[in-house]
Amino acid sequence: MSTAKKEYKRVTVKSLVEMKKNGEKISMLTAYDYSMAKIVDAANVDVILVGDSASNVMAGHETTLPITLDQMIYHAQSVVRAVNRALVVVDIPFGSYQSDPKEALRSAIRIMKESGAHAIKVEGGVEIKESVKRILAAGIPVMGHLGLTPQSIYKFGTYTVRAKEEEEAEQLKEDAKLLEKLGCFGMVLEKIPAELTKEVSDSISIPTIGIGGGKHADGQVLVIHDLLGMTHEFNPRFLRRYMNLYEEMGTAIGQYVADVKSRDFPNDDEQY
Ligand code: KIV
């Protein structure tokens, strides 16, 4: 069932701001490869995020830190080839924008030029202000990411809920306003109290996209492997699994193994 209020043949950064204005919730989902992106796009997901969570779910790293700019561009190219409708946003990976604004701009340009993606996402607030300004000045749409920012996991020490204390919540509210003022078209709010998400979302005109940020965000994002239940050891409270693909795929693959071993596959109709 679709509850979209207006048909968007092609979702743009402007469409997202319009959706917020019209009270239409925004759907966002990750994808990292051509086949998955084709399915996600055909299902009318508004925004496809080529997240640096590829470092976890595609490459098996414990954190998002190891993935490189070249690897992100490779994933983004595969996704862009599949997409007809969704806005494709690509994470700038750790280590390719923190040194200085010029490096940030170079990395953003490489993503846009080499992948054909439509926008980039960066983690952080005031500390990356100059980089965000520089990227935006080059005409590249920027999405922010506040709250639990996984590239800073070693600073936080844990993946627990952020901004529960007054001081951090105040800083987050200021950062959200700053990102809006700089010209970002939206921002992810990860793992923060629902009431704080509401306050932030009500105070800015650009959309907030929550992951563990509660129901008041203007949209929601999940990692597709989690939504489909391909990952089964990651069970945060915010995650709703729509399938148990880990089990279903395991059963199907197990059946294939059994069929090969028993000489059932291939049968007479499955050969030339
Ligand atoms: O990399 C990612 O998948 C993300 C989402 C969790 C928002 O940044």
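The values are calculated or read from the model by the stated rules, or taken from the named source; none is laboratory data. If you're wondering where the values come from, they're calculated on a predicted model, not measured in any experiment. Reconstructed Cβ throughout: ideal geometry from the backbone, glycine too, with neighbour counts over all protein chains shown. Heads up: the accessible areas ignore ligands, DNA and RNA and are worked out on the full protein's heavy atoms, side chains in. Shrake-Rupley method; radii C 1.70, N 1.55, O 1.52, S 1.80 Å.
In this structure region 1-157 gives 46 Å² per residue of accessible area when probed at 1.4 Å with all protein chains present.
Amide H to amide H, with H built 1.01 Å from N, LYS121 comes under 5 Å of VAL90, ASP91, ILE92, MET143, counting only residues 5 or more places away or on other chains. With just the Cα atoms defining each centre, how far is region 232-268 from region 208-223? Give it in Å. With region 232-268 and region 208-223 each reduced to a Cα centre, they are spaced 29 Å. Rg over Rh for region 46-115 works out to 0.97, both radii taken from alpha-carbon positions and Rh defined as the Kirkwood radius. Net charge dipole, region 69-208: roughly 700 debye, given to the nearest 20, about the Cα centre with Cβ charges of +1 for Lys and Arg and -1 for Asp and Glu. Report the trypsin sites (Lys or Arg not before Pro) located in region 1-103 that are in a DSSP loop and have at most 14 other Cβ atoms inside 10 Å of their Cβ, or state none. Here the sparse-neighbourhood loop sites are LYS5, LYS6, LYS9, ARG10. Remark: region 9-65 carries a charge dipole of roughly 380 debye about the Cα centre, counting +1 on each Lys and Arg Cβ and -1 on each Asp and Glu Cβ.
Can you classify region 192-262 as rounded, prolate or oblate using the Cα gyration tensor, where a ≥ b ≥ c are the square roots of its eigenvalues, rounded means a/c under 1.5, and otherwise it's prolate if a/b beats b/c and oblate if not? Here region 192-262 falls in the prolate category.
To the nearest 20 debye, what is the magnitude of the charge dipole of region 137-187 about its Cα centre, counting +1 on the Cβ of each Lys and Arg and -1 on the Cβ of each Asp and Glu?
Values: 6 positive and 8 negative charges, 45 e Å.
With Lys and Arg at +1 and Asp and Glu at -1, about 220 debye.
Positive-end ranking of LEU245, ILE135, THR197 along the dipole of the chain, with charges on Cβ about the Cα centre, is headed by ILE135. In this structure, the pairs whose alpha-carbon distance is over 18 Å, taken from LYS181/LYS215; LYS191/LYS215; LYS155/LYS191, are LYS181/LYS215. Peptides 110-120, 196-206, 248-258 ranked from most to least packed by the mean count of surrounding Cβ atoms within 10 Å: 110-120, 196-206, 248-258.
Pairwise Cα separations in the chain fall into 5 Å bins from 0 onward with the following percentages, short to long: 1, 6, 12, 16, 19, 17, 12, 6, 3, 3, 2, 2, 1, 0, 0. For region 211-272, trypsin sites (Lys or Arg not before Pro) meeting the loop criterion (DSSP other than H, G, I, E, B) and having at most 15 other Cβ atoms within 10 Å: LYS215, ARG237, ARG240, ARG263. What's the long-distance tail for region 64-217, i.e. % of Cα pairs beyond 26 Å? Here the tail beyond 26 Å accounts for 24 percent of pairs. Counted residue by residue at 0.36 nm each, then reduced by the alpha carbon distance between them, the extension gain from THR158 to GLN171 reaches 2.7 nm.
What the pair-distance distribution of region 1-80 shows, using all Cα-Cα distances binned every 5 Å from zero, is 3, 14, 22, 19, 15, 13, 9, 4, 0 percent.
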